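To keep things clear, I will list the structure first and then write my remarks on it.
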Amino acid sequence: MSLTKPRTMPGVLELLPLEQIAFQGVLDGIRRNFERFGFLPVETPVIELSEVLLTKTGGETERQVYFVQSTGSLKQGDEPELALRFDLTVPLARYVAEHEHQLQFPFRRYQMQRVYRGESAQRGRFREFYQCDIDVIGKDALSVRFDAELPAVIHGIFSELAIGPFTIQMNNRKLMRGFFERVGVTDPEQQGLVLREVDKIDKRGEAYVRDALMGEQFKLGADAVAQILAFIAQRSNGHEDAVAKLDALGGGNAMLEAGVAELKEVLAFVRALGVPEANYAINFSIARGLDYYTGTVYETTLNDHPQIGSICSGGRYENLASHYTKSKLPGVGISIGLTRLFWQLREAGLIGTASSSVQAMVALMNEADLPKYIELATQLRAAGINTEVQLEPKKLGKQFQYASKAGIRFVLVLGEDEMAKGTVSVKDMPRELQYEVARAELAKTLRVEIEQLAAMPKGLAS
RNA sequence: GUGGAUAUAGCUCAGCUGGUUAGAGCAUCGGAUUGUGAUUCCGAGGGUCGUGGGUUCAAAUCCCAUUAUCCACCCCA
């Protein structure tokens, strides 16, 4: 009999237990911050009706959507009426439109679930990945103040994750469009296309963008292109500098002035919310590819790891659910592509070796004493320490080896010597030390040790 | 969807212009007088060289096809 090679489809991330523990640590940290800022949990089904999911049919999304069909339906040759969601924003729009009358507005929701895209295989590109989204949805209108709250959440998350210094780069689409209008790109559609080209500056370089803007598609004059390139090259350094750069832009049309005013207000509130000025900046090249952004846009990057690119991005949109309801629902949101983020942090060596969620293991010294080991474990579990017991006889060396490889920190030895003395030998595997503790003090001692390690500075889930 | 590269052990790879039983490191498993791990030493298992065809006395090696994977573009988290 030939064996089937066990493998996953390309583009999925499957983790070993210790990695999974680290991953969940990140997920929990993100969730904690979302909740701390008053966002409410929502989950939506992985599968949506195709007609709901594909309202804004367009080349790219449709190409990447996985359709779902039951075998029976497939046999009858029916068109698939179900599909896997490819992001969390479209389901959110459907959700808000569907439950509009039961929700309180402004509606602040967070959602951390997997989404699916038929990407062609590539490094760091996934077909199944976690998105961690927060959005605030207003009814009819939503103050630009909410745009300032999101950087505060981002700051909370990435400070807590301790993955090094980061910068939340901000820009405003109105400001960009207004600027393009001033240099002579007046057609909104053209402006959108220019936005996309300009967004590539960091990846493709100035020469590429210049060629693109002066080329067939845009035919912009050398002067206009020079102005655009100078504009998008600007990055602020500190709060005052950011305000100064906005003032220096000048005016000229309503769009530009509105954008400048919005971004200024956002900056003021970001500071008021306590985000350190080292963690945010304006960057006039940030545009975001998606067309639905209309105002503030964000992209967060790690200062020491520019190659990772954006680790969190989002922006303001005018009307979330125009396909599902006549109500006008403006919103602002951000998304963290957690699977990719985790993958990249691991590649960059920013994720330490996780320790197991199992905190202690009771060794099996003598099979006849197994009930005593179980009793010890029960006592520790009652004290809130995750404990496993060796249930099969193995050489003691093997038991230690097992604990070491499994990432279990404490091995507890309760042999004849210890029982006679009423003590337990504790071996702290990573620290390579061993000591004896009175049985009655054991749980307390372990607690103290665990808390001490947790209090130490560390990277992700050390 | 467009263009390019690669395919040898579980993983990372070596194998020069075709020539006996295809190698290494890591990993796995066993052992070094039975109450101590990740470092050391000794030993073992594991590959029809992606698949199919062709050239040849002889193919992992050359040619063709096919499949899979990877990289870039597009797009995006």
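Condition check ((1) touching a helix residue (DSSP H, G or I) at 6+ places or on another chain (Cβ under 6 Å); (2) within 15 Å of RNA strand B (Cβ to nearest atom)) across all residues:
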residue	(1), (2)
A:S120	no, yes
A:F126	yes, yes
A:D133	no, yes
A:P151	yes, no
A:A162	no, no
A:Q190	no, yes
Residue match in the range A:303-323 (condition: of a type in the set (D, E), in contact (Cβ under 8 Å) with a residue 60 or more places away in the chain and not assigned by TED's automatic domain parsing to the domain that holds A:A443): yes
Helices (runs of 4 or more DSSP H) wholly inside the range A:25-85 that include at least 3 residues being modelled with pLDDT under 85: A:59-64, A:71-75
Selection from the range A:202-212 of residues that are more than 9 Å from RNA strand B (Cβ to nearest atom), part of a helix (DSSP H, G or I) and surrounded by fewer than 20 Cβ atoms within 10 Å (Cβ to Cβ): A:D202, A:E206, A:A207, A:R210, A:D211
Output for the range A:90-118, where each listed residue is surrounded by fewer than 22 Cβ atoms within 10 Å (Cβ to Cβ) and within 14 Å of RNA strand B (Cβ to nearest atom): A:M112, A:Q113, A:R114, A:R117, A:G118
Subset tally (residues that are hydrophobic (A, V, I, L, M, F, W, C) and either modelled with pLDDT of 90 or more or not assigned by TED's automatic domain parsing to the domain that holds A:S310 (or both)) for the range A:232-253: 5
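Can you pull out every residue in the range A:411-448 that is under 18 Å from A:S356 (Cβ atoms) and either assigned to a strand (DSSP E or B) or more than 8 Å from RNA strand B (Cβ to nearest atom) (or both)? Write out each step before concluding.
From the range A:411-448, those under 18 Å from A:S356 (Cβ atoms) are A:411-412, A:426-432, A:446-447; that's our starting set.
Residues satisfying the conditions are A:V411, A:L412, A:V426, A:K427, A:D428, A:L446, A:R447.
Out of all the residues in the range A:274-298, which are open to solvent by less than 30 Å² (accessible area, probe 1.4 Å), near RNA strand B (Cβ under 10 Å from one of its atoms) and not aromatic (F, W, Y)? Spell out the reasoning first.
Here is the first cut: in the range A:274-298, the ones open to solvent by less than 30 Å² (accessible area, probe 1.4 Å) are A:275, A:279-287, A:293, A:295-298.
With the extra rule that they be near RNA strand B (Cβ under 10 Å from one of its atoms), the set shrinks to A:287, A:293.
Of everything in the range A:274-298, just one residue is open to solvent by less than 30 Å² (accessible area, probe 1.4 Å), near RNA strand B (Cβ under 10 Å from one of its atoms) and not aromatic (F, W, Y), namely A:A287.
If you go through the range A:207-219 one residue at a time, do you hit one that is closer than 10 Å to A:S285 by Cβ and in the same structural domain as A:Y293 (by TED's automatic domain parsing)?
Narrowing the range A:207-219 to residues closer than 10 Å to A:S285 by Cβ: A:209.
Right, trim to in the same structural domain as A:Y293 (by TED's automatic domain parsing) and you get A:209.
Within the range A:207-219 (the criterion being closer than 10 Å to A:S285 by Cβ and in the same structural domain as A:Y293 (by TED's automatic domain parsing)), the answer is yes, since at least one residue qualifies.
The values are calculated or read from the model by the stated rules, or taken from the named source; none is laboratory data. As the structure is a prediction and not an experimental result, all values here were calculated from the model. When we count neighbours, we look across all protein chains shown, and the Cβ atoms used for this are built from the backbone with ideal geometry, even at glycine. In case anyone asks, the SASA skips ligands and DNA or RNA and just uses the protein heavy atoms, side chains included. Shrake-Rupley method; radii C 1.70, N 1.55, O 1.52, S 1.80 Å.
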